[in-house]
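Asker: Here's a structure for you.
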Amino acid sequence: MNARAPALAHPLSALGGESDADALLVLPKGYVDMRVPTRRLAAQPLNKLLFFQAKLTARAGYDENRASTRSPFPSRLCLTLQFDNGQFVGNIFGRANTGQWREIKVGSRLTFTAKVTIFRGERCLTDISLATATGKVHALYGGMPGRVSADVVTACLGEAAGSRTAQSQARRRISDDPVIVSSLRQAGYGSAGAFLRDLHTPLTPADGERALAAARAATVAQVRSAGGQRPSLAAPFDSIPIDDDLRRLVPAQPETLSSGQRNALNLIRKAIKTHRASRVLLNGDVGSGKTLVFLLAAASVAESGFRVAVMVPSELVARQIHAQAARRFPALRPALVTGADTRAEPGDSLMVIGTQALLSRPPAGPLRLLVIDEQHKFSVEQRAALAGDATHVIEASATPIPRSLALALFDGWIEAKIPGCPVEKRIHCHLLHDMDRGMAVRIVGDHLVAGRKVVFLYAKLAAGKADTKSAMEAAARLEQRFAGKVVCLHGKLKSADKEYALADFASGRKPILVSTTVIEVGVDVPDIGCMVVSSAERFGVAQLHQLRGRLVRNGGDGDFVMLTDKPIEGSGTERLRAVRDIADGFELAERDMHLRGFGDVLGEMQSGSAQTLFKMARLEASDFLPH
């Protein structure tokens, strides 16, 4: 008998969807009213998809070099459109998009959807697409870059809307959650059916916006009511006498703690001495010294005879932190547990450091302290798996979390923030178009002449024949120019090879490192002078800030160069301009939250099955603040 073929994943599995009913729980990003087109442009709202009618009075095509072309598929098509209140210009980019206009004759009256934007002080049109009146208000759905496209989401919604089973299941999912039901009732919805109808097929844009606001409010209520993030209410236990251990351990370190480190460690000390399990959010910018703070806290608990564990997101980081702990606290004999070495067990050591392999090979006996480093890399379930009712938990992040997000997700937690950096360093940030690569070459040359280390970072390890922007190809080119001076580092290397590569780079034998993002949280070489990030638009703001933090860890001057394939003044590089202009990680985190949307960041923090019922909520910080 043939084995049954495995079931295919649902198209919306990247959003946590498992059935068509889940599609109906995806929130629209807005609505477009396609009942009657408008013939006026000047009074319309900006950056909102609208339905227009206008006369095409002229058009001109341009190729990728901005030269005029008569090709039916130009790279850019410039349209001049006559509205009732004047002529306006619209641009369409991409051959696939411009092709639909080749049969449209100048002088024709058209209906289309578009957004009104401001360019050089003038109103113009973008995102133009031919359309016809449908007599309906249509919900608009977005995607999630790298996971699922807007077209897939829209198609799934269309199928689910026509399925009675999916609609019934979605109504039941909503009705089974008392927090959601209560919040929707406050918004005036007495039934899940009426809410879903307004959300996906509203009669007017106002009805849709009302349902969307109700869904956002319900999501906020669900996040706030989530008990998994709150401190334990279990029975009290004896406190841990760590004061004497800290008084001995802190002066024994080779460096002097900064005032920020001391204040954070003192907050943790007070939390650990309480008689109930405490929860601490250790929030420190890149290079602020948070690793030393949580290691001192963990060591003091272990010195008092209690078991502690530190869980980190990668083997490379685990080995580095374990080596540091073994050097600082040799008497504790810290154990290392990673997925690469399946034979390693925590044993009887009171201090265990490892990756998520700790979930399958946990320490023997209950933990009194658990440290989760780079906590946004782990799901809610993974964070909770090792913590018992008597476990103090420190969740640390080298990428600062916006305060408003921390208050929303970690209600009741103690926030231990380490501001600033223990050493003085000046990192000069450059945002360059790929055509300006010559300037980047000069910056790199200055550092190499001065004897400093340089990192070239790529999003891809290997690329196709037409794409040379990858770590492997770059390493080969650089090796030809700097023979014997280049090392390549990436996640597919074996552990021993990674260590050899890092040792060559750290010692200066090979001062040029070509790498993928494995170095984001995995390289602790203090004297890197320059980093060049190719295709920087592929990286997130927090990721770029993490990478920038790898520079001049011991202080001094460094250069961080972001090369982008997009025009620097375009909307697609707004995030990169924020990285270039904002050095403070906490300020940059707030800016990133507003650029990406509070809900996107929230989704990362809520990874795992603890995600909210409604998907793509696109929350704002103000949604969590008192009105």
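The values are calculated or read from the model by the stated rules, or taken from the named source; none is laboratory data. Worth saying up front: this structure is predicted, and the values here are computed from it rather than measured. All Cβ positions, even for glycine, are placed from backbone atoms using ideal geometry, and neighbour counts span all protein chains on display. These accessible areas exclude ligands, DNA and RNA; they are computed on the full protein's heavy atoms, side chains included. Shrake-Rupley method; radii C 1.70, N 1.55, O 1.52, S 1.80 Å.
Asker: Can you tell me which of (1) modelled with pLDDT of 80 or more; (2) within 30 Å of residue 481 (Cβ to Cβ); (3) of a type in the set (A, V, I, L, M) is the one residue 461 doesn't meet?
Answerer: With respect to (1) modelled with pLDDT of 80 or more; (2) within 30 Å of residue 481 (Cβ to Cβ); (3) of a type in the set (A, V, I, L, M), residue 461 is out only on (1).
Asker: Another question, if that's okay. Residues of the range 291-343 being assigned to a helix (DSSP H, G or I), over 27 Å from residue 493 (Cα atoms), open to solvent by less than 10 Å² (accessible area, probe 1.4 Å) and among the aliphatic types (A, V, I, L, M), which ones?
Answerer: Initial filter on the range 291-343 (assigned to a helix (DSSP H, G or I)): 291-303, 315-328, 330-332.
Remaining after also requiring over 27 Å from residue 493 (Cα atoms): 292-303, 328, 330-332.
When the remaining residues are screened for being open to solvent by less than 10 Å² (accessible area, probe 1.4 Å), the result is 293-302.
Those that are assigned to a helix (DSSP H, G or I), over 27 Å from residue 493 (Cα atoms), open to solvent by less than 10 Å² (accessible area, probe 1.4 Å) and among the aliphatic types (A, V, I, L, M): 293, 295, 296, 297, 298, 299, 301, 302.
Asker: How many residues are open to solvent by 10 Å² or more (accessible area, probe 1.4 Å), in a loop (DSSP other than H, G, I, E, B), under 30 Å from residue 84 (Cβ atoms) and not charged (D, E, K, R) when one looks only at the range 11-38?
Answerer: 3
Asker: Restricting to the range 160-171, name every residue that is under 20 Å from residue 31 (Cβ atoms) and surrounded by fewer than 18 Cβ atoms within 10 Å (Cβ to Cβ).
Answerer: 161, 162
Asker: Being under 24 Å from residue 138 (Cβ atoms) and polar (S, T, N, Q) narrows it down to one residue among 82, 87, 100; which is it? Step through it out loud before you land on a result.
Answerer: Values: 82 fails: under 24 Å from residue 138 (Cβ atoms); 87 fails: under 24 Å from residue 138 (Cβ atoms).
Criteria check complete, one pass: 100.
Asker: Can you find, within the range 247-290, the residue that is surrounded by the fewest Cβ atoms within 10 Å (Cβ to Cβ) among those that are touching a Gly at 6+ places or on another chain (Cβ under 9 Å) and closer than 20 Å to residue 329 by Cβ?
Answerer: 255
Asker: Being touching a His at 6+ places or on another chain (Cβ under 9 Å), modelled with pLDDT of 60 or more and under 25 Å from residue 470 (Cβ atoms) is the requirement here; does residue 575 meet it?
Answerer: Taking the combined requirement at face value, the residue does not satisfy it.
Asker: If you don't mind, another one. I need every pair where a residue in the range 572-596 that is open to solvent by 80 Å² or more (accessible area, probe 1.4 Å) has its Cβ under 7 Å from the Cβ of a residue that is assigned to a helix (DSSP H, G or I), sequence separation at least 6 or different chains.
Answerer: Every condition considered, the pairs that remain are 591/578.
Asker: Give the range 253-279 a look and list any residue that's assigned to a loop (DSSP other than H, G, I, E, B) and either hydrophobic (A, V, I, L, M, F, W, C) or in contact (Cβ under 8 Å) with a residue 12 or more places away in the chain (or both), or say none. Full working, then the answer.
Answerer: Here is the first cut: in the range 253-279, the ones assigned to a loop (DSSP other than H, G, I, E, B) are 253-258, 273-278.
Result: 253, 255, 257, 258, 273, 274, 275, 276, 277, 278.
Asker: A further question follows. So residue 109 passes all but one of these: (1) of a type outside the set (A, V, I, L, M); (2) open to solvent by less than 30 Å² (accessible area, probe 1.4 Å); (3) within 24 Å of residue 33 (Cβ to Cβ). Which condition number does it fail?
Answerer: The failed condition is (2).
Asker: Right, here's the next one. Quick one: count up the residues across the range 189-220 that are open to solvent by less than 20 Å² (accessible area, probe 1.4 Å) and not in a helix (DSSP H, G or I).
Answerer: 2
Conditions tested, residue by residue: (1) on the phi > 0 side of the Ramachandran plot; (2) modelled with pLDDT of 80 or more; (3) assigned to a loop (DSSP other than H, G, I, E, B).
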| site | (1), (2), (3) |
| --- | --- |
| 399 | no, no, yes |
| 406 | no, no, no |
| 430 | no, yes, no |
| 445 | no, yes, no |
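Asker: If you check residue 342 against the conditions, is it at pLDDT below 85, of a type in the set (Ser, Thr, Tyr), over 30 Å from the mean Cα position of the chain (by Cα) and within 26 Å of residue 251 (Cα to Cα)?
Answerer: So residue 342 does not fit the description; no.
Asker: Could you tell me whether residue 288 is assigned to a helix (DSSP H, G or I), under 18 Å from residue 253 (Cα atoms) and in contact with a helix residue (DSSP H, G or I) (Cβ under 8 Å, 6 or more places away or on another chain)? I'd like the intermediate steps shown before the answer.
Answerer: Working: assigned to a helix (DSSP H, G or I): no; under 18 Å from residue 253 (Cα atoms): yes; in contact with a helix residue (DSSP H, G or I) (Cβ under 8 Å, 6 or more places away or on another chain): yes.
Answer is no for this residue.
Asker: So which of 332, 296 ends up being in contact with a Leu (Cβ under 8 Å, 6 or more places away or on another chain) and either touching a residue at least 40 places away in the same chain (Cβ under 8 Å) or charged (D, E, K, R) (or both)?
Answerer: On inspection, the qualifying residue turns out to be 296.
Asker: If you check every pair at least six apart or on different chains, which have Cβ atoms under 6 Å apart with a residue in the range 127-152 that is in contact (Cβ under 8 Å) with a residue 40 or more places away in the chain and open to solvent by 50 Å² or more (accessible area, probe 1.4 Å) first and a residue that is hydrophobic (A, V, I, L, M, F, W, C) and in a helix (DSSP H, G or I) second?
Answerer: 147/14
Asker: Go through the range 41-100 residue by residue and tally those that are open to solvent by less than 30 Å² (accessible area, probe 1.4 Å) and assigned to a helix (DSSP H, G or I).
Answerer: 2
Asker: Collect the residues in the range 414-435 that are over 30 Å from residue 271 (Cα atoms) and either of a type in the set (A, V, I, L, M, F, W, C) or without any contact (Cβ under 8 Å) to a residue 12 or more places away in the chain (or both), keeping them in residue-number order.
Answerer: 427, 429, 431, 432, 435
Asker: Which number in (1) under 30 Å from residue 264 (Cα atoms); (2) surrounded by 17 or more Cβ atoms within 10 Å (Cβ to Cβ); (3) at pLDDT below 80 marks the one condition that residue 411 misses?
Answerer: The single condition residue 411 does not satisfy is (2).
Asker: So, in the range 430-454, how many residues would count as being surrounded by 18 or more Cβ atoms within 10 Å (Cβ to Cβ) and either touching a His at 6+ places or on another chain (Cβ under 7 Å) or more than 27 Å from residue 292 (Cα to Cα) (or both)?
Answerer: Residues flagged as surrounded by 18 or more Cβ atoms within 10 Å (Cβ to Cβ) and either touching a His at 6+ places or on another chain (Cβ under 7 Å) or more than 27 Å from residue 292 (Cα to Cα) (or both) within the range 430-454 amount to 7.
Asker: Right, something else. Can you tell me how many residues within the range 473-490 are without any contact (Cβ under 8 Å) to a residue 40 or more places away in the chain and open to solvent by less than 20 Å² (accessible area, probe 1.4 Å)?
Answerer: First pass over the range 473-490, keeping only residues without any contact (Cβ under 8 Å) to a residue 40 or more places away in the chain: 473, 475-490.
With open to solvent by less than 20 Å² (accessible area, probe 1.4 Å) added as a condition, the list becomes 475, 486-487, 489.
The qualifying residues number 4.
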